[in-house]
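**Student:** Below are the structure tokens for one structure; questions will follow.
The values are calculated or read from the model by the stated rules, or taken from the named source; none is laboratory data. All of these numbers come straight from a predicted model, not from anything done at the bench. FYI the Cβ positions are ideal-geometry reconstructions off the backbone, even for glycines, and counts take in every protein chain you see. Keep in mind that these areas ignore ligands, DNA and RNA; they rest on the heavy atoms of the full protein, side chains included. Shrake-Rupley method; radii C 1.70, N 1.55, O 1.52, S 1.80 Å.
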Amino acid sequence: MKILVVDDSKLARLFLIKTLKELEPMAEILEAENGLIAVELFKQERPSAVFLDLTMPVMDGYEALKEIIKIDSKAQVVIVSADIQAQAQSTVLESGAKMMVPKPINSEKMLSVLQQLSI
Amino acid sequence: MVTIPYPNVLLDALEIGVMVIDESFEIRYWNQWLEINTAHPASEMIGKNLHDFYPQIDYKVFARKIRTTLRLASPTFYDASLQNRFIEIPRTKITTSLLINMQLQVTISPYIVEEGLVMVSIYDISDLHELKLTLQSQMEKISELNCELHRDKMIIDANLLITKIDEECRIVEATQAFLEFFGYKKESVIGEYLSQVFGDVSVDFDTIQICDAIARQQKWSGEVKAVLANGEEVWFDTVVTPLNDDENGTLSYTVIFHDISDKKRIELLSITDPLTKLFNRHKFNEVFENMIRRRHWDENHTFGLIIADVDHFKRVNDTYGHQSGDKVLIEVAHVFSQTIRTGDILARWGGEEFVCLLPDVDMEKALYVAEKLRLAVEELHFADAGTITSSFGVSIFTPGDTQESMIHRADSSLYRAKENGRNRVECI
Amino acid sequence: MQQNGFTDDHLDMLRELMNIAMGNATASIADLLEAFGKMHIPQIMISDMEGLDSYIQQTIPNDQRNYVTKQLFGGLFSGEFLFVISEESALHLGHHLYDVDKPSDGDILDAVIELTNILSATIISRLTEELNTKVQFFVPSTERVDGNSLISQEDIINYHRIIIISTEMEFQHQNINGQIFILTKDGMIGSLKELIDRKLEELYA
């Protein structure tokens, strides 16, 4: 099982991966630091799930989400963002994201996320 | 954690107003400070709505602030620089009337979030605000003064001839008016010696006077002559004032010039004989009077008076015409002024008569000068009249002398010189 | 890059925490304004007074009048919260919050204070919460400033190490945006570093 983690902050990725690994020790983790790299990686590796940040340089999460859904409309994208505005949530859900979780994700939240994904 | 058994005592000791209020503005607590300063006792307020007592507050804003405080569980504030955004509390200060109501600093803190209660603390910052207002008005005055100062400076710069010079008489600053008047560019004046800007060696004497005053670090005023860039000669009434430069502790000088060329021209006209350009009789009398009055003359320090008369001048006039006669007078005046010393005073007395005052001479020296003058005239040669001669009468000041007495003696001596055959010097 | 013991990890952590804090703040303001705010990537810089001055000059246009609100906060992480909003934005804000066509100077000032209140309370509270420490807020003050000289000439030459955390608040449709600066200096940098160190230890454990 491959999981793609996208965030411009190295520590944010590290934190997310750590929480993820506690629950899914066998998962193969792919990392990207912006939307552009994420889309490229998604094209090549077809991960079973994507954890995607919104505010990033080069290409932001909104754009990357659209590109990924274009490639695979069934892609399981979880938006992980500090932006907790209701409108941000409705925008990404409309664009095809599976769900949106506010940062930072703790184990409890991660568990509920993983339970809702089909991986 | 220590619980405080008497929170009221604590709140009253803080000298701040404290109320507890809910989201619908119902008052739950009203401390002693508020009781005293608003004249509303707690018993009257508690359980009542703040709106009933203070309808002028913007309750929409207040409600929002309370909501924010509760939601964020963090204090919110009213802007303390504004007046009367919250309740009005009259001020009792009598000595100044800047603020009629207290200037309040209002903080809304969460009290019991679950019950929707907030604590409103009210600080009286009137004194601070008063200071701020005073400071503001002072600052406004200062900036007004600065504006005026700037305006004055502009007026001065555009209209007055002022330079600042250093201890070596070099120009440090010059007003625009000064530069324009002289016809120089700023860069060709700044750093130059004053004497250089004033041009022409012949007037060096004038700037030397200024530089002398500066060397003595003294105030000085007087008249100086200068030559402008276009060669025109001007006269200035000049005032030199030492200026303590606080910034670097050195002394500089402000030199203010006032153009008195017109006055000088008129003055010159009134004291000059138009034909010979010598002093006229009027000016001579003035100088003569000053000389008798001002100086202390004694037997060892005297001065002399010479009266000169061109011999047979009437004949020159009659024979060769007035123009030739005028030429003779001009030439004689010229040769006289060439012969005498700088400090001697020469004037045309009238007709073909000249007078000369010789400071610090005795009879012997005075006779010597007169003899020199006589020889000088004898050596002149005129196209029409050929050579001419002149006669001289000399008198020396003795204590008790007046203008009249000295002139009388010189005149009598001249008469004697004429009697004795002209072209000679006599004294009594 | 290592400045005052600050590594890239420290800066990254601070940026991420600020991002989270700003997320909360934006949501709070969005709630207040009933609008949607665009999130920007926070900037973290370690600088001196001169650097701070030139950074402010770069960030804030020189040709506008600004409302500048300053609020101090105290605790293990203490410093100054600075919110700069243009006169035009403030007018829109006053208009929006007070629901009047021509908000008075008082309305505008109060609206600016209110916005700053929410911003600072949310951002700093969230930051300090993430850093596991407590914070005390002091009374904010607002002044109108011509241009972008927020630091006096005398202060620029003072030597201080400063951490600048900055980001932009942007509500496009309402034409309301402002600049947020969180400044902390000298001794506080050390204690901030310790707080982040603890956070990093948790992460790497």
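**Student:** Return one whole number: the accessible area per residue of the protein assembly as shown in Å², for a 1.4 Å probe. Spell out each step's value before the answer.
**Tutor:** Working: 37850 Å² over 752 residues.
I get 50 Å² per residue for the protein assembly as shown.
**Student:** Looking at the stretch C:1-74, what % of the alpha carbon pairs are farther apart than 16 Å? Can you show the working numbers first?
**Tutor:** Values: 1865 of 2701 pairs.
Above the 16 Å cut-off, the stretch C:1-74 has 69 percent of its Cα pairs.
**Student:** Here is a follow-up. Which whole-number percentage describes the relative contact order of chain B, with Cα contacts under 8 Å and a sequence gap of 6 or more?
**Tutor:** Numbers: 696 pairs, mean separation 36.3, N = 428.
So the answer I get is 8 percent.
**Student:** Can you work out ³J(HN,Hα) from phi for every residue in the stretch B:318-325, in order, using Karplus 6.51 cos²θ - 1.76 cosθ + 1.60 and θ = phi - 60°, giving whole Hz and x for Gly and Pro?
**Tutor:** Here the 3J(HN,Hα) series is 5, 7, 10, x, 4, 4, 5, x Hz.
**Student:** Could you list, bin by bin from short to long, the percent of Cα-Cα pairs of the stretch B:160-266 in 5 Å steps?
**Tutor:** Pairs per bin, as whole percents: 2, 13, 24, 28, 19, 9, 3, 1, 0.
**Student:** Moving to a separate point now. So what is Rg over Rh here for the protein assembly as shown, counting just Cα atoms and using Kirkwood for Rh?
**Tutor:** Numbers: Rg = 48.3 Å, Rh = 35.7 Å.
Ratio value, two decimals: 1.35.
**Student:** Just report the Cα centroid separation between the stretch B:277-308 and the stretch B:325-357, whole Å.
**Tutor:** Going from one Cα centre to the other spans 15 Å.
**Student:** Right, here's the next one. Near B:K186, which lysines are there with a Cα under 24 Å away, not counting those fewer than 8 places off in the same chain?
**Tutor:** Of all the lysines, those that pass the test against B:K186 - Cα under 24 Å, at least 8 places apart if same chain - are B:K153, B:K164, B:K225.
**Student:** Lysines within cross-link reach of A:K43: Cα-Cα under 21 Å, excluding same-chain residues under 8 positions apart?
**Tutor:** Straight-line reach from A:K43, under 21 Å: A:K2, A:K66, A:K70, A:K74, A:K98.
**Student:** What fraction, in whole percent, of alpha-carbon pairs in chain C exceed 26 Å separation?
**Tutor:** Values: 6733 of 20910 pairs.
The calculated P(r) of chain C puts 32 percent of pairs beyond 26 Å.
**Student:** Rounded to whole Å and ordered largest first, report the semi-axes of the equivalent ellipsoid of the stretch B:123-222 derived from its Cα gyration tensor (root of 5λ). If you can, show how the numbers build up before the last one.
**Tutor:** Numbers: eigenvalues 398, 54, 21 Å².
Square roots of five times the eigenvalues give 45, 16, 10 Å.
**Student:** What's the average, rounded to a whole number, of partner chain beta-carbon atoms within 10 Å of each residue's beta-carbon in C:27-36?
**Tutor:** Working: counts 8, 5, 1, 6, 5, 4, 0, 0, 2, 7.
Averaged over the peptide's residues, the number is 4.
**Student:** Restricted to Cα positions, what overall size does the stretch B:7-124 have along the principal axes? Three whole-Å values, descending.
**Tutor:** That works out to 46, 29, 26 Å along the principal axes.
**Student:** Taking chain B as the reference, fit the longest principal axis to its C-alpha atoms, fit the long axis of helix B:403-419 to the helix C-alpha atoms, and give the angle between the two in degrees, 0 to 90, nearest 10.
**Tutor:** That helix lies at roughly 30 degrees to the long axis.
**Student:** Also, quick follow-up: Placing one identical point scatterer on every Cα of the stretch B:225-328 and ignoring solvent, what is log10 I(q)/I(0) from the Debye formula at q = 0.11, 0.18 Å⁻¹?
**Tutor:** -0.72, -1.05
**Student:** While we're looking at this one, here's another question. Less than 11 Å Cβ to Cβ from C:Y159, Lys/Arg counted +1 and Asp/Glu -1: what total charge do the surrounding residues give? Write out the running numbers ahead of the final one.
**Tutor:** Working: positive: C:R161, C:K185; negative: C:D48, C:E50, C:D155, C:D186.
Every neighbour counted, the sum reads -2.
**Student:** Relative to the first principal axis of the alpha-carbon coordinates of chain B, what is the inclination of helix B:126-159, with its axis defined by its Cα atoms, in degrees from 0 to 90 and to the nearest 10?
**Tutor:** Helix B:126-159 sits roughly 20 degrees off the main axis of chain B.
**Student:** In Å², rounded to the nearest 100, what is the total accessible surface buried by chains A and C against each other with a 1.4 Å probe?
**Tutor:** For A against C, buried area totals roughly 1800 Å².
**Student:** Would you kindly state how much longer the chain becomes between B:K186 and B:T319 on full extension, computed as 0.36 nm times their sequence separation minus their alpha carbon distance, in nm to one decimal?
**Tutor:** 41.8 nm
**Student:** Given 37 °C and 0.692 mPa s, how large is the Stokes-Einstein diffusion coefficient of the stretch B:319-416 in µm²/s, with Rh as the Kirkwood radius over Cα pairs? Could you put the intermediate results ahead of the total?
**Tutor:** Working: Rh = 14.4 Å.
Estimated via Stokes-Einstein, D reaches 228 µm²/s.
**Student:** Over all Cα pairs of chain B, how is the pair count split among 20 Å bins, expressed in % and running from 0 up to the last occupied bin?
**Tutor:** 18, 25, 17, 14, 11, 12, 3
**Student:** Report the relative contact order of the stretch C:8-204, percent, no decimals, based on alpha-carbon pairs under 8 angstrom and at least 6 residues apart.
**Tutor:** Value for the stretch C:8-204: 35 percent.
**Student:** Once you list every other residue whose beta carbon is under 14 Å from the beta carbon of B:T387, what net charge do they have if Lys and Arg are +1 and Asp and Glu are -1?
**Tutor:** Working: positive: B:R315, B:K327, B:R374, B:R422; negative: B:D311, B:E331, B:E378, B:E379, B:D384.
Result for the local shell: -1.
**Student:** What is the sum of charges, Lys and Arg at +1 and Asp and Glu at -1, for the other residues whose Cβ falls under 14 Å from the Cβ of B:R151?
**Tutor:** Details: positive: B:K153; negative: B:E144, B:E148, B:D152, B:D157.
Result for the local shell: -3.
**Student:** Now for a different question. For the stretch B:7-124, calculate the relative contact order in percent as a whole number, restricting contacts to Cα pairs under 8 Å that are 6 or more residues apart.
**Tutor:** Values: 199 pairs, mean separation 33.3, N = 118.
Value for the stretch B:7-124: 28 percent.
**Student:** Give me a comma-separated list of calculated 3J(HN,Hα) values for the stretch B:260-270, in order, Karplus coefficients 6.51, -1.76, 1.60 applied at θ = phi - 60°, integers in Hz, x for any Gly or Pro.
**Tutor:** 10, 4, 5, 4, 4, 5, 5, 4, 4, 4, 6
**Student:** So if R0 is 60 Å, what FRET efficiency would B:V227 and C:D146 give, r being the distance between their Cβ atoms, rounded to the nearest 0.05?
**Tutor:** Numbers: r = 50 Å, r/R0 = 0.83.
Computed FRET efficiency for B:V227 and C:D146 comes out at 0.75.
**Student:** From the phi of every residue in the stretch B:190-196, what ³J(HN,Hα) in whole Hz does the Karplus formula 6.51 cos²θ - 1.76 cosθ + 1.60 yield, where θ is phi - 60° and glycine or proline is x?
**Tutor:** 5, x, 7, 6, 4, 5, 5
**Student:** Just list whichever of B:K283/B:K418; B:K48/C:K102; A:K10/C:K134; B:K264/B:K418; B:K263/B:K365 have alpha carbons separated by over 29 Å in the model shown.
**Tutor:** Going by Cα-Cα distance, B:K48/C:K102; B:K264/B:K418; B:K263/B:K365 fall outside the 29 Å limit.
**Student:** Follow-up. Setting aside same-chain residues fewer than 8 positions from B:K327, which lysines have a Cα under 20 Å from its Cα?
**Tutor:** Partners found: B:K277, B:K314.
**Student:** Debye calculation, C-alpha points only, no solvent: report log10 I(q)/I(0) for chain A at q = 0.13 Å⁻¹, in the same order as the q values.
**Tutor:** Normalising to I(0) and taking log10 leaves -0.41.
**Student:** With a ≥ b ≥ c taken as the square roots of the eigenvalues of the C-alpha gyration tensor of the stretch C:60-119, please select rounded if a/c is under 1.5 and otherwise prolate if a/b is larger than b/c or oblate if it is not? All intermediate terms of the calculation are to be shown ahead of the outcome.
**Tutor:** On the way: a/c = 3.30, a/b = 1.64, b/c = 2.01.
It is oblate, given that a/c is not under 1.5 and a/b is not larger than b/c.
**Student:** Output the 0 to 90 degree angle, nearest 10, between the alpha-carbon long axis of helix B:363-378 and the longest principal axis computed from the alpha carbons of chain B.
**Tutor:** Tilt relative to chain B: about 70 degrees.
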